[in-house]
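Read-outs throughout are calculated quantities, based only on the coordinates presented, and are distinct from any laboratory measurement. Small disclaimer: the values here were computed from a predicted structure and weren't measured. Don't worry about glycine lacking a Cβ; one is built from the backbone with ideal geometry, like all the others, and counts go over all protein chains shown.
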Amino acid sequence: MKFHLVIASPSFDEGLAFFLDELGFTLERITPSENPSLAILTGFGISICLDKNAETGPVVLRISTADPDLHGLEKTGPNGTKIIYDLNPDEQTSPTSEEPSIAISEGSTAHWTDGRAGMKYRNLLPQGNWNYIASHIKVPGTGPVPDWVHYHDAQFQIICCYKGSAKLVYEDQGDPFIFNAGDCVLQPPYIRHQVLESYDGLEVIEIVTPANHSTFSDHTMTLPNDTHNPARYFEDQTFIWDKAANRQWHSLETANGSSHEIGKTGIEIASARNGDVQLLRPSRSGETLSDIIPSPQQGSSKFVLWFVLSGTAVCDRSSSGQQRIYENDAISALNTHEEGKDVVFRNPSSDFSLLEVRIPLNPPEN
Ligand SMILES: [Fe+2]
């Protein structure tokens, strides 16, 4: 079976010349030979049936090109066919904001939008054209997720399970597994994966950069695949499923002598230092709970996102003032490396815990 896009061409020879000579299509077949009225043409990844007798309306063909001289050029062909030369979707870039910003996205007033397959999305970043995507995603209920085998060309992508659980499967990583609250995965570039099921109101936090990455379907691979190779490099990164159940907590002393607890994930190493994820909570000495002064110094990061997993504290944003924060709130520090604007979490409740995601100022060149 083969699909052809039918384009009506009452002035058949003129239409044929337009596609062959002006646009550069290739003639595959023409019939009948004595008085042609139908031609199959291929080019630019499509197949066209030019038909003298078809009664169809005009069509628009968008041709992706890397040639800057052609961008935006429009041509009109037979029967009003419009040809638009355009950039590849993944080459379409608009300048991303370099403005410094420290902002709080409050969970209580969050704006949710409907995504594919019944998913609900909340943007955790302030308004602006950032080169990062930070989302809080909900999949209500329990059941199969209508996902398919796909992959992304992002440089750094992590997903942390906040509530509920999901059954996930990844290329070369063996059987599907249950992704539980507190677990984090690093999705290296191009790794094929699929969400199979979600349970008990799944909620995840996802961070991706760059913002204009693409998602591709893989119609040839089924998961789980036969190869088991967890050490495989995808670009220079490896897959990692960091389990909350195995997490080791350490006390971390910061510059002013204060200390808090930190739960490391293996994401910094697995991502070849393209980013890092860790969990933070206050340390307790007697009745006193420590402030959380995130470290390393935020000056070494271009992007930091904190998501309040539980409890409450006061977020002290130096010049931008103090604000009480609660579970579901997200605090982002974007491009603040030159400003010296550090964020401190003061007077935490005993159940206060934060997810922290950092992207360094100078990620390694790929
Ligand atoms: Fe995905």
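Details
- Residue among 40, 59, 202 farthest towards the positive dipole end of the chain, charges placed on Cβ: 202
- Within the stretch 257-360: Cβ-based charge dipole about Cα centre, in debye rounded to nearest 20 (Lys, Arg +1; Asp, Glu -1): 120 debye
- Kirkwood Rh, Cα atoms: Rg over Rh of the stretch 214-312: 1.08
- Pairs of lysine residues in the chain - Cα separation under 19 Å, sequence separation of 8 or more or cross-chain: 10
- Charge dipole magnitude, Cβ of K and R +1, D and E -1 - the chain, Cα centre, debye nearest 20: 920 debye
- Normalised by residue count, the stretch 5-91 yields a Cα convex hull volume of 86 Å³ per residue.
- Two-decimal Rg to Rh for the stretch 246-360 - Kirkwood Rh, Cα set: 0.94
- Here each label is just a point 7 Å from Cα along the line to Cβ, and for residue 314 and residue 11 those points are 7.8 nm apart.
- Whole-angstrom gap from the stretch 14-71 to the stretch 213-233, using each part's C-alpha centre: 36 Å
- Just checking the listed ones, 82, 264, 163: in the Gaussian network model of the chain with Cα springs under 10 Å, the one fluctuating most is 82.
- Furthest towards positive pole of dipole, 357, 18, 219, structure part the chain, Cβ charges: 357
- With coordinates expressed along the principal axes, the C-alpha atoms belonging to the stretch 110-203 extend over 40, 31, 24 Å, beginning with the largest.
- D by Stokes-Einstein for the chain, Kirkwood Rh over Cα pairs, 25 °C, 0.890 mPa s: 103 µm²/s.
- In a reduced charge model with +1 at each Lys and Arg Cβ and -1 at each Asp and Glu Cβ, the stretch 111-227 shows a dipole moment near 460 debye about its Cα centre.
- Computed from the Cβ-Cβ distance with R0 of 41 Å, the FRET efficiency linking residue 231 to residue 349 stands at 0.50.
- Charge-dipole axis of the stretch 246-360 as Lys and Arg at +1 and Asp and Glu at -1 on Cβ define it, positive-most pick from 301, 314, 326: 301
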